[in-house]
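Asks: This is the structure, below, for whatever I ask next.
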Amino acid sequence: MSWRTVVITNQAKLDYKMGYMVVRSLETKRVLLDEIAIVIIENPAVSITGCLIEALIIKKIKVIFCDSQRNPTAELIAHHGSHDSSSKIRTQANWKQDIKDIIWREIISEKIRLQAEFLSELSCEKESQLLRSYISQVELLDSTNREGHAAKVYFNALFGMGFTRSADNSINAALNYGYSLILSAFNREITANGYLTQIGIFHCNMFNHFNFGSDLMEPFRIIVDRIVYEMGPTNFDKEEKHLLWNILELYVQIDGKRQTVLNTIKIYTRSVLDAINDEDESLIKFYKLI
């Protein structure tokens, strides 16, 4: 089972040899591909061979490319993640709107519940209770925008009344960086299961290539929020970015078992796909913090 997150920070050449990714820099190191889940190429001066790209795609390893500011800017996605992708894509395109609406309501309700739970841990009981009251008010397609109301209360409680998600500051930079890592992990699972990342159940932005991943990741944003809150970044620089690299290796509980966030994303994604295809929202497996 793959579990490593490999980060390439210095100028290097990446090659493939006998099942290993070979990193040639000041020193030459090898990493077994079967152990790798995600590769983050943080330095634009890194070169990568076609042989390695092919091997990474075959092994369904997510590759994230960063810009000169070390921010994720692109990722490697296979055209075909499953032998029956064509059939699954046809199925995805014909998912019934009714079940998509119900699944979205479940996802948003769980996101708000986790936000309320976090605020309760921080002794923000008034705000936590307000969020809990929103859960029963979430309607199909969240037509009353309980998610938006909850987000305003939640982020103001965490980072102050003057905080907005649109502001250009270190907190938002840290949140966006962490969210991008989570989103990439979801895109990997969606593709590996043979579905398209572009076709979501709620998100439908024509300029968003990752609508489905944006749908599925919503409850997992709280994992990032917790880390950023504890970090309290004043300058989101290289060192603070590195603290977020291990987010996928943290442990949570899902389906009664202790799993890494990366494995949890895999289990949860498949459960949502089962719930949509079987038209049974009770099949969704949400995680619990431990």
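Asks: What fraction of the DSSP beta bridges in the range 1-114 is antiparallel, stated in percent and rounded to the nearest 5?
Replies: 55
Asks: Quick check on the range 134-244: take the gyration tensor over C-alpha atoms, sort the square-rooted eigenvalues as a ≥ b ≥ c, and tell me if it's rounded (a/c under 1.5), prolate or oblate.
Replies: Since a/c reaches 1.5 but b/c is at least a/b, the shape of the range 134-244 is classed as oblate.
Asks: So if R0 is 22 Å, what FRET efficiency would residue 3 and residue 26 give, r being the distance between their Cβ atoms, rounded to the nearest 0.05?
Replies: Calculated transfer efficiency: 0.25.
Asks: Hey, another quick one. Just grab the label-to-label distance for residue 230 and residue 192, each label 7 Å out from Cα along the Cβ direction, in nm (one decimal).
Replies: A separation of 2.5 nm, rounded to one decimal place.
Asks: Mind checking which helices in the chain clear 27 Å along their axis (Cα) and have mean Kyte-Doolittle hydropathy of 1.6 or more, DSSP H runs only?
Replies: none
Asks: Over the range 1-148, with the other protein chains present, what is the accessible area per residue in square angstrom, probe 1.4 angstrom?
Replies: About 55 Å² of surface per residue is accessible.
Asks: Something else about it: So what's the back-of-envelope 222 nm ellipticity for the chain, counting only DSSP H runs of four-plus at -39500 (n - 2.57) apiece and dividing by all residues, rounded to 500?
Replies: Helix contribution divided over all residues of the chain: -14500 deg cm²/dmol.
Asks: Could you put 132, 188 in order of accessible surface area, largest first, with the 1.4 Å probe and the full protein assembly present?
Replies: Ranked from most to least accessible, the order is 132, 188.
Asks: Quick one: work out the % antiparallel among DSSP beta bridges in the chain, nearest 5.
Replies: About 65 percent, rounded to the nearest 5.
Asks: Hey, rough spin-label estimate for residue 258 and residue 47, points 7 angstrom out along Cα→Cβ, what's it come to in nanometres?
Replies: Placing both labels 7 Å beyond Cα along the Cβ direction yields 4.5 nm.
Asks: While we're here: Suppose all protein chains stay in the model; what accessible area per residue would a 1.4 Å probe give for the range 201-290, in Å²?
Replies: Here the residues of the range 201-290 average 48 Å² of exposed surface.
Asks: In whole percent, what relative contact order does the range 1-150 give with Cα contacts below 8 Å and a gap of six or more residues?
Replies: Answer for the range 1-150 is 15 percent.
Asks: Mind grabbing the accessible area of residue 15 for me, 1.4 Å probe, Å², rounded to tens?
Replies: For residue 15, solvent-accessible area is about 40 Å².
Asks: Quantify, in whole percent, the carbon and sulfur part of the accessible surface of the chain (1.4 Å probe; protein heavy atoms only).
Replies: 50
Asks: So, in nm, how far is label residue 13 from label residue 97 when the simple model puts each one 7 Å beyond its Cα toward the Cβ?
Replies: 5.6
Asks: Given H placed 1.01 Å from N in the peptide plane, which residues other than close sequence neighbours of residue 40 have an amide H under 5 Å from its amide H?
Replies: Close amide H contacts, sequence-distant or interchain: 6, 7, 8, 64.
Asks: Quick one: how many Å² of residue 41 are accessible to a 1.4 Å probe, rounded to 10?
Replies: Surface accessible to solvent at residue 41 totals approximately 10 Å².
Asks: Taking only C-alpha pairs under 8 Å that are 6+ residues apart, what is the relative contact order of the range 213-290 in percent?
Replies: Normalised by residue count, the contact order of the range 213-290 is 24 percent.
Asks: Would you check the accessible area of residue 280, probe 1.4 Å, heavy atoms only, in square angstrom rounded to 10?
Replies: 50
The values are calculated or read from the model by the stated rules, or taken from the named source; none is laboratory data. If you're wondering where the values come from, they're calculated on a predicted model, not measured in any experiment. Here the Cβ is made from the backbone with ideal geometry for all residues, glycine too, and neighbour counts use every protein chain on show. Just the protein is used for accessible areas: all its heavy atoms, side chains included, with ligands, DNA and RNA removed. Shrake-Rupley method; radii C 1.70, N 1.55, O 1.52, S 1.80 Å.
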